[in-house]
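Comments concern the structure below.
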Amino acid sequence: MSLAVDVTGLNKSFGDKHVVQDLTIQLEQGRICGFLGPNGSGKTTTLRMLCGLLTPDSGSGTALGFDILKQADQIKRRTGYMTQRFSLYEDLTIAENLEFAARVHELDRRRERVDVALTRLGLEARRGQLAGTLSGGWKQRLALAAATLHEPKLLLLDEPTAGVDPKARRAFWDEIHALAAEGLTVMVSTHYMDEAERCHEIAYISYGRLMARGTAQQVIDGSGLITFRAEGPDADRLARELSGKPGVETAAAFGTALHVSGTDRAALEAAVKPYRREPWRWREVEPTLEDVFIHLMGASQDNFQ
Amino acid sequence: MMGFSGARVMAVLVKEFKQLARDRLTYAMMLAIPVVQLVLFGYAINAEPRHLPTALLVQEDSRYARSMVAALENSRFFDLTHQARSPAELDRLIRSGEVQFAITIPGDFSRRVARGDKPQILVEADATDPSATGGAVAALAALPSQALVHDLTGAMAARAGAPAPFEVVVHRRYNPEAVTSYNIVPGLLGIILSMTLVMLTALSVTRETERGTMETLLATPLEPFEVMTGKLAPYVGVGLVQTIVVLLLARFLFGVPMEGGWIGLILGLSLFIVGSLALGFLISTAARSQLQAMQMSFFYILPSMLLSGFMFPFRGMPVWAQWLGEIIPVTHFLRVVRGSLLKGQGLIDQWPSLAALTAFVLVVTALAMIRYRRTLD
Ligand SMILES: Nc1ncnc2c1ncn2[C@@H]1O[C@H](COP(=O)(O)OP(=O)(O)O)[C@@H](O)[C@H]1O
Ligand SMILES: [Mg+2]
């Protein structure tokens, strides 16, 4: 399998802020990689470095086999990039935005391609509508259509579904999977756990450092995290009492249940012990991705200070 | 009940104040504009231009002629910068704009003074800008009765107190009736083009940055020069429409003469429009918001209005202001437009200004290309 993304030791600073630190990542062709991490952890910066919008301070690598430092123009031709905020022209119509994308990439059969894209979107009837008047979900689907019009080999999506309702999100993800099935490699940043689970693999980044990498299962297994789950009346209310106790890294309510996690089994057992009584029922469960991410976030914070 | 909260007002007020205080451009605007305005209005504007370049054609070298020259210089309105050797050369000097006045002392001047038959001295004034010549023309009126006072001795002394021994004939060229609008209206073309073209392009590019569409644009294979050309081309049309409107109004509303010089005019226009657009583009590479782009454009337009010879006669400005004015593209554009419309200048007369405009286009385009960022770094 050939690598669509293969970068080593990427660094980027803004002023004295080291935003991306020694980032090394590889991604096989045709895979969907979820890019996760708290706000400000460097996801957008990394995606921008991959498509030549930012120059790394140090590090090297390739995207689609082209040098990210020297062949940005080649990468740009073959990459679709959807920015974090909607950045099509709100004062152009839906069709005009697509036509602009087609022209910029010097595509042949422009009219036909735009029509196909519109049909695929289900927007033929509204082709003359201003893009600015679309709802959030439609805007994102239009942006995706514009970013893929030139049939790129690599698709970089920066929080494409932020603020989009579940139905539109599902439609969006169905499209991403369909594109990946055609051989497109996708790197998509997101904050949604369910979306993380829909990815073939995950990269978790915090404070500019890659903290975890692999499939969702590998990330969970690799975390070394132990999680206890309490159920029973008002179990979720225990969160406040338990958090901060020695050995407890996270204590979070999941509906009416409680998840308590830590890496030190003995300490965690000790912390939970006083509550192992009626009316609560405790059992050990596999940590969720969210447990792991919150754990990683805490770990990197310690790292950072 | 109406919702009004003093605390909320304070919150906004404090926030706005902090934002303002952190923006360096605020200080620039706050201090530079009053200073610039005071300096310009206070010093640069000289209602009565003196030391105007003057060419002299003396067809007779006599004592009287030399006294005449001395008297002219004493008036401080005239600087005898050129000695013409023929009427043709004199004509070229005034047409090209190198001199403001062309004075001819006829060959039989002394003889006719001696004979008492009031010879005439011909003063041709370039009245393209009437306010530049007004003071000097007034000063000429005093010349006949005073210039030769010390020369008319002995037998001639009798003439000294008598009516003036010669006449000065002032011939206003290019704008004989001293109609101010003839000068203002073509000048306005330069100002209107600068204002709209510089500002529009500066805004149109900055808007992309502000709205985030620049990021998408940069992620495409577009090259800087492609972005620039594509962005500016539509505005060339805007500039041409404005030009046509101004010229039509000039002709049919103000009756501004159109003497010719069309090739120079078209060349000058093309250069000036392209240069102004490129300047707007250059501004947009430095401005981070549309507001900043507006402010920077304003910084360019203000001196363009004041120092280009649009508002005040160029030669009425002190030397340092004239030097500044020479750097301003509008100055050269105004020379081309006025030269063409009012004087019917040819390319020979206009080439210095056209060369300056060419340099403007090249320098600004090069700077814009160097400054345009292909990345978001
Ligand atoms: N152009 C920039 N100039 C200065 N700081 C920046 C710039 N872009 C991003 N940053 C900073 O870098 C950090 C990482 O940003 P970003 O990559 O956008 O994170 P994410 O996308 O993961 O939320 C943030 O602290 C942000 O403030
Ligand atoms: Mg981001």
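The values are calculated or read from the model by the stated rules, or taken from the named source; none is laboratory data. A quick note: this is a predicted structure, and the numbers were derived from the prediction, not measured. Cβ coordinates were reconstructed from backbone atoms using ideal geometry, including for glycine residues, and neighbour counts include every protein chain displayed. Keep in mind that these areas ignore ligands, DNA and RNA; they rest on the heavy atoms of the full protein, side chains included. Shrake-Rupley method; radii C 1.70, N 1.55, O 1.52, S 1.80 Å.
Over 29 Å between Cα atoms, which of A:LYS139/B:LYS231; B:LYS231/B:LYS343; A:LYS17/A:LYS139; A:LYS17/A:LYS76; A:LYS12/B:LYS231 qualify?
Too far apart for the 29 Å limit: B:LYS231/B:LYS343; A:LYS17/A:LYS139; A:LYS12/B:LYS231.
Can you give the FRET efficiency to the nearest 0.05 for B:ILE370 and B:VAL241, using r as the Cβ-Cβ distance and R₀ = 22 Å?
For R0 = 22 Å, the calculated efficiency reads 0.10.
Which of the three applies to the range A:1-69, rounded, prolate or oblate, going by the alpha-carbon gyration tensor with a ≥ b ≥ c and a/c under 1.5 meaning rounded?
Oblate, because a/c is 1.5 or more while a/b does not exceed b/c.
R0 = 41 Å: FRET efficiency of A:GLU182 with A:GLU231, Cβ-based, nearest 0.05?
The computed FRET efficiency comes out at 0.40.
For the range B:203-261 and the range B:100-130, what is the separation of their Cα centres, given in Å?
What the calculation gives is 49 Å, centre to centre.
Considering only protein heavy atoms and a probe of 1.4 Å, how much of the accessible area of chain A is carbon and sulfur, as a whole percent?
C and S atoms contribute 48 percent here.
Using a Förster distance of 56 angstrom, determine the FRET efficiency expected from the C-beta separation of A:ARG110 and A:ALA299, and round it to 0.05.
Here the calculated transfer efficiency is 0.65.
Grab the Cα-Cα distance for A:GLU197 and A:PHE14, subtract it from 0.36 nm times how many residues apart they are, and report the gain in nm with one decimal.
62.7 nm
What aspartates and glutamates could a cross-link reach from A:LYS70, if we take a straight Cα to Cα line under 19 Å and drop same-chain neighbours fewer than 8 places away?
A:LYS70 reaches A:ASP6, A:ASP57, B:GLU223, B:ASP377.
Sequence neighbours fewer than 8 away in the same chain don't count; with that in mind, list the lysines whose C-alpha is under 27 Å from A:LYS245.
A:LYS273
Is the protein assembly as shown rounded, prolate or oblate when judged by the Cα gyration tensor, a ≥ b ≥ c being the square roots of its eigenvalues, rounded requiring a/c under 1.5 and prolate requiring a/b larger than b/c?
prolate
Setting aside same-chain residues fewer than 8 positions from B:LYS118, which lysines have a Cα under 23 Å from its Cα?
Hits, sequence-local ones excluded: zero.
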